[in-house]
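Notes follow the structure.
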Amino acid sequence: MRFLLLFCWMGAAQLAFGQQQTVYTNFLLNDYYYNPAIAGSRDATVSLAYRNQWAGFDGAPVAVMGNMHGSLKNRGKHGYGVAVTSDKTGLTQKTGFYLNYAHHFKLWDNTKLGLGVQPGFMQYSVKLFDAQLADAGDQVLTGNILSVNAIDMNAGFNLYGPRFFLMGSLSHLLGESVRFTSYNSSLTYHYNLIAGYTVSFPSRKLDLQPSIMLKYARPVPMQWTVMAKLTYDKKYWAGLIFRSDDAVGISLGVTIKDKLNIGYGYDYSVIGLRKYQAGSHEIMLSYILKRKKSDLDSKDEELNKSIMEDMKKQVKEKK
């Protein structure tokens, strides 16, 4: 039985080696999960996401993510963030905690470049006491949890403007370079590229946003996802998704009082697992904590500060 235990542990580690990132249908609503350079590029926001993959399949993956990100004084230059992730598949569970820093540069009038880095800690565990075995009395598995740890880091860039975005990231970039942990040797590089463009139809209050996401992690073949998202009156949106050799899906959402965003995604596998599951469901909630000041408001604030400073100097001179 000890040999079987060792075999199961090694098998779980090998499964985790290939694909170590959650696949979200609403990848644009969860772009901060894929790219740390998002922090600081938009209003200060707190988000929560839940994904139940392959519903009806025993031991199927379940992912939960919570994060908060924004910018120093909400000015969009120095970005910060914190994220907690949890992914459970069968007996295995992966938990991560990450901090974030990003810096944003103004390239042209309406175009910025953000560079972000995200250090963190990851724990991978196997709950052996939940295993269903023929030999129920085996004491080796009684109350055991095997766990390994890793020091992790992600980095990325974000080139964006009012109507377009192009972002790329590299996850688990430390890999085997960290020697004093037990799980870093199992981490593999994950490359992500996301791009999109918004076309507006003012007369009908419609915005059409085609986007694409490319993911690659050796030895898994490169995966691409395309989405066409239609937004009405800046409040209601719906999208169609196709993920290569994997699934088709839809996404729906609503924005309430320009603060609360509620999104739902569903995708259905087109590969062999379609006979054994009822599709994947995910929901995401995000709330804007504080809105950025417009460029005009910022200029007015700077002007008012300069006037106040001049007045103080004049008062000092008179004294």
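Read-outs throughout are calculated quantities, based only on the coordinates presented, and are distinct from any laboratory measurement. Quick caveat: nothing in here was measured; it's all calculated off a predicted structure. Here the Cβ positions follow ideal geometry from the backbone for every residue, glycine too, while neighbour counts run over all protein chains shown.
Which length gain, in nm to one decimal place, applies between Leu214 and Leu159 when the Cα-Cα distance is subtracted from 0.36 nm times their residue separation?
Working: separation 55, 0.36 × 55 = 19.80 nm, distance 1.61 nm.
Taking Leu214 through Leu159 to full extension adds about 18.2 nm, to one decimal.
Past the 27 Å Cα-Cα mark, which pairs from Lys88/Lys235; Lys94/Lys234; Lys205/Lys259?
Details: Lys88/Lys235 33 Å; Lys94/Lys234 36 Å; Lys205/Lys259 19 Å.
Going by Cα-Cα distance, Lys88/Lys235; Lys94/Lys234 fall outside the 27 Å limit.
Give me the distance in nm between label points sitting 7 Å out from Cα along the Cα-to-Cβ direction at Val64 and Tyr268, one decimal.
Spacing of the two 7 Å Cα→Cβ label points: 2.9 nm.
At R0 = 41 Å, how high is the FRET efficiency between Lys259 and Thr181 if r is their beta carbon distance? Nearest 0.05 is fine. List each step's numbers first, then the result.
Working: r = 40 Å, r/R0 = 0.98.
After rounding, the FRET efficiency stands at 0.50.
Working out 0.36 nm times the residue gap between Ser147 and Phe242, then minus their Cα-Cα distance, what length gain in nm do you get to one decimal? Mind dumping the intermediate values first?
Numbers: separation 95, 0.36 × 95 = 34.20 nm, distance 3.55 nm.
Taking 0.36 nm per residue and subtracting the Cα distance, the gain is 30.7 nm.
Roughly speaking, what is the stretch gain from Thr95 to Arg75, that is 0.36 nm per residue apart minus the C-alpha to C-alpha distance, in nm to one decimal? Walk me through the numbers on the way to the answer.
Working: separation 20, 0.36 × 20 = 7.20 nm, distance 3.16 nm.
Full extension from Thr95 to Arg75 adds 4.0 nm.
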